[in-house]
Structures are given as structure tokens and as C-alpha cells.
1. Kindly indicate whether PRO444 is touching a residue at least 24 places away in the same chain (Cβ under 8 Å), open to solvent by 10 Å² or more (accessible area, probe 1.4 Å) and out of contact with any Asp or Glu (no Cβ under 6 Å at 6 or more places or on another chain).
2. For region 495-507, which positions are surrounded by 12 or more Cβ atoms within 10 Å (Cβ to Cβ), in contact (Cβ under 8 Å) with a residue 60 or more places away in the chain and over 12 Å from ARG349 (Cβ atoms)?
3. Would it be correct to say that ASN513 is over 29 Å from TRP82 (Cα atoms) and surrounded by 14 or more Cβ atoms within 10 Å (Cβ to Cβ)?
4. Output the residue which, of all residues in region 203-226 that are within 11 Å of ligand 2 (Cβ to nearest atom) and free of Cβ contacts under 8 Å to residues at least 60 places away in the same chain, is surrounded by the fewest Cβ atoms within 10 Å (Cβ to Cβ).
5. Can you list the helices (runs of 4 or more DSSP H) found entirely within region 311-367 that contain at least 1 residues being farther than 30 Å from ILE185 by Cα and out of contact with any Ser or Thr (no Cβ under 6 Å at 6 or more places or on another chain)?
6. Condition first: within 13 Å of THR217 (Cα to Cα), out of contact with any His (no Cβ under 6 Å at 6 or more places or on another chain) and open to solvent by less than 30 Å² (accessible area, probe 1.4 Å). Can you find one or more residues in region 69-92 that meet it?
7. Looking only at region 98-107, decide whether some residue is within 16 Å of ligand 1 (Cβ to nearest atom) and closer than 19 Å to THR217 by Cα.
Amino acid sequence: MSRQSLSKAHQKITELSWEPTFATPATRFGTDYKFDKAPKKDPLKQILRSYFPMEEEKDNRVFGAMDGAIRGNMFRQVQERWMEWQKLFLSIIPFPEISAARAMPMAIDAVPNPEIHNGLAVQMIDEVRHSTIQMNLKRLYMNHYIDPAGFDITEKAFSNNYAGTIGRQFGEGFITGDAITAANIYLTVVAETAFTNTLFVAMPSEAAANGDYLLPTVFHSVQSDESRHISNGYSILLMALADEDNRQLLERDLRYAWWNNHCVVDAAIGTFIEYGTKDRRKERDSYAEMWRRWIYDDYYRSYLIPLEKYGLKIPHDLVEEAWNRIINKGYVHETAQFFATGWPVNYWRIDAMTDVDFEWFEYKYPGWYSKYGKWWENYNRLAYPGLNKPIAFEDVGYQYPHRCWTCMVPCLIREDMVTEKVDGTWKTYCSETCAWTDMKAFRPEYEGRATPNMGRLTGHREWETLHHNRDLADIVKDLGYVRDDGKTLIPQPHLHLDDPKKLWTLDDLRGINFASPNILLNQMSDADREAHIADYKAGGPGGRTSAAAAAFASA
Ligand SMILES: [Fe+2]
Ligand SMILES: [Fe+2]
Ligand SMILES: [Zn+2]
């Protein structure tokens, strides 16, 4: 088929678009954006006749790599430390993918442009493919990895886990609320254009360094569709810019979307890359170095900043603050420590850090050891059952954190926590911007203008409040994170599966009470609450209580 006839075919597709008269379309998520004045062009003329052979070829390569991984005995060489984190990652990631698929009809309804509709329909097929090949990858890991426990329950565990809730918040951001906020600015303009670089490029490279060459094949197959999605997003962004009235909403949404993506993706992917790896060659990039190159230089400087020529205000302050959190405030390290603190309620195993890891962290992040080293030594010391409780319930100077009601990552940078009474309850936020998101952006009115289509952050979002004042053994049993013998836990704070004496069971958790920091906060008198908040904000780094923080500061 010649180039010319491809264009003709594409032209024909747009002519075939029609509005059904036989049914009234149900609009679940509308938009407050206006597109009356928008130009109607699709820069990436994709038609299915050329699309399907290309995707078929990509799928064939993925299947070939899967076959090769099994024949090549990849599972004998892959690092356990790395593979364990895949139980979490591969439980989360198919959900944002299928949410991206579901976001496409929302965007199609919201944007009156048949050319774009075609591009969005193609993206929908892409996203279904992504979700499917990732689920298939997970199935292969489950069948071949030495410890399938955890992989086999990922769909259920994703929905009831205290880390899964962060991923759920992320994926639901694509499919709820204002259709353009969700499906265009949050999903495409920010998540796909910026953060897939660390998700689908940086992470696969770390996987390969840990002996897993299958994950890179799958995720590069995903990432190579992303240019099409980025192009879809940019087209809609340009359409929105044609109407001056949209600018206020665009600026609001860029702030929300940038910050929320940073909170979630940098927490998760940063942890997988930096605490899931065994490869400590110093010439390899740290997460911060990759972030600087791919997100700061490539996305911020070459994509976001040029939008200023359209008169759009770019969230420079939030880009700088995200970088500041990563490089100065230990955002990734605080998150990894939180996940390790909560090991009994995970469904994967977290390896302790060793001297080799310490040296690498100190090299890449000077001062790391003084902040986090002792805690990881304690994690190692308290790794086996019998003599002590899990580390979260022993006195190591660590205070279990409050949750951020918006991004669902805890308020780990203690001094930045914001506490407000919102919709009748005291809520905690990890940052000013997360507080603004809930209190100002996700409301039916924004700066005096009606925004009826904007979503709201409601429901049983916070994991800890669901399990308040329960016995830890009952919580873990109900979550289903127990092995086939009915008592040994799936999560363990070490990798020594071969020695039964080292494996924690439900009996080791019996009698430990779990309390929700948010419920306790809401039960306090005003004076107690104020004192508690001041004390919390005086804590850190490394989750230190205020007393431990004072000792740290004077040392
Ligand atoms: Fe995708
Ligand atoms: Fe995508
Ligand atoms: Zn937050």
C-alpha cells in the first residue's frame, strides 16, 4: 500500500465517524474544558492495516523472549532480591494499563475530533495489549521462579495491600473525574510523556543488570507504543490551548498531575531500582541521576518549558521541589524504609541491605549512612522470629507514618506534613501540593469558576483505617498472605527460605495490636493533636521520632 493511499484511508476513517441517533449516549465523566475553537488534526495518521502487522511482530518478539528465558534457565540466574519486588510491581502495573485503555473512550467522548478519535481507539488497543503481556509475564514468573507465593495472589493482594492502594490511586487517576484532567493531562501529558521513562526504560535496564532479560523485552515492547500515546496527548493539549478559557484548568491540572505522578512513580520505581538491585557498580546511574536526565532534562526542559510560548504557566516550582525531595530530602530512601518497616503486611520478601549496598548509597547519596544505615542494621538484626517482634513493633526510634490522603504515599518527609480538617475529618497530606489537590483542585468550584466535572477524593482510601485496633495475625490471615501450610507468612524480612526456623508464622504475629495513626489523630483533643503534629514534624530523617531526631541533629 502506498503512502498516498494510507492518507486516503485515514481520510476515509474520519468520514465514517457518526453520532448515533438510535441511542442517547451516557456520559459518566464529562469535562469542563471547551473545544469549540480547536483545530482538528491528527499528526500521527495510524490506520489498522499498518498497525496490526507491526504489533503482531512486537508480540512475536515478546513470546520468543519468554521461550528463550525458560530454555536459557534465566530463573537460575535472576537475583531473588530483584524478583521479590516484581510481586508488587507486576501486581500494580497491569491496572494502570487497563485503566489507560478505559480512559480512551472517556477522552473520545470529551474531544469532538474524528481524527483524534481514531488515534485514541488505536491507543486503547495498545493499552489492552500492555496489560495482557504484563499479566502473561507475571504468569511466567509464577510458574518458574523458586518462590511463586505472592505472584499467585497478585490480583487480590493488589486490592487489599497497603502499597497496592498507592498504585490504585494512580490508575484510578486515569479514569475518574474530569475526562480531560484524567485521560489527557494526568495520563498522557504527564504519566506517559514523563514518567514512562523511569517506569519502562530505567526499570528494565535495572532488571537486565539483575539477570532478568525478559522484563526488558516486555516493557520495551510497551514503551515503543508510547510515542503514539504521547502524540495523542499533545494533539489534545494543543486543541485545549486554542481556547483561552481552558488555560486556568490546564494550569491547575499540570500542577496536580505533575505532583501526583512524582509522589507515586518516584516512590515506587525509585524503591524497586535502588533497593531491589544487587548490581552496585558505581558507574551505573542512581535513580536520581536517571531522573535528572530523563525527566528533568528530556521532559521538563524539552517538552514542558516550550509550552510557555503558548502563554501557559508551567509548574517550575513543583519540578524543582520534586528534584529537591529526591536529591535532598531522601524521598526514595524514606519510601523503601517504609515498605521494609511494613514487611509483615506485604506479599513479597525484602532483602536486608549489606555493607556493599551501604557503600554504594553513601557514594551516590553522601550522608546516606548516617540517616538510614543504623535502621537497616536493625532490620537485619531483627530479621528472624523467636527473639523479637517485627521491626515496626520494636523500639528502633522509628515512628510509623501518617498517610497522605491525596497521593496515598505516607507523609515521609515529616517536616512537610500538612494537617487540615476536611469534609469533617482530620486529614494528613505529605505536602502543600497534595493538600491543595484535595482542598482546592478536586472540588466542584475552582477559583470562583464552576467545575462540576471535577472528581473528589472519597471512600475507603486509607489502608490503615481499615485495620485499626486489630491483631496483626488476624489482619495478615484475612489479607490472605499465608503460605499453603496455613501458618507460614508469604512476606519475610530476609531471603532465607531454606531454613524453616528463620520463617515467620502467624503465631509470631499473634498478640500484636495494629493501630491507625489517622484514627488516633482524630480521637485526640485539639491540644493533644497540635502537640502530636508538632512532635511528628520534628521527626526524621529516616522516620526518626522527635527524640531520635534531636539526638541525630546534635550528633
Ligand atoms: Fe500502556
Ligand atoms: Fe500508554
Ligand atoms: Zn501526597
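The values are calculated or read from the model by the stated rules, or taken from the named source; none is laboratory data. Just so you know, these numbers come straight off a predicted model, no measurement behind them. No Cβ is skipped: glycine too gets one built from the backbone with ideal geometry, and neighbour counts run over all protein chains shown. Ligands, DNA and RNA are excluded from the accessible area calculation, which covers all protein heavy atoms including side chains. Shrake-Rupley method; radii C 1.70, N 1.55, O 1.52, S 1.80 Å.
1. no
2. THR505
3. no
4. If we take residues in region 203-226 being within 11 Å of ligand 2 (Cβ to nearest atom) and free of Cβ contacts under 8 Å to residues at least 60 places away in the same chain, then GLN223 is surrounded by the fewest Cβ atoms within 10 Å (Cβ to Cβ).
5. Because the criterion is at least 1 residues that are farther than 30 Å from ILE185 by Cα and out of contact with any Ser or Thr (no Cβ under 6 Å at 6 or more places or on another chain), the helices (runs of 4 or more DSSP H) in region 311-367 that meet it are 331-341, 355-364.
6. yes
7. No: region 98-107 contains no residue that is within 16 Å of ligand 1 (Cβ to nearest atom) and closer than 19 Å to THR217 by Cα.
Here is a yes/no grid of residues against (1) under 22 Å from LEU88 (Cβ atoms); (2) open to solvent by less than 10 Å² (accessible area, probe 1.4 Å):
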residue	(1), (2)
TRP348	yes, yes
GLY367	no, no
PRO401	yes, yes
PRO410	yes, yes
MET417	no, yes
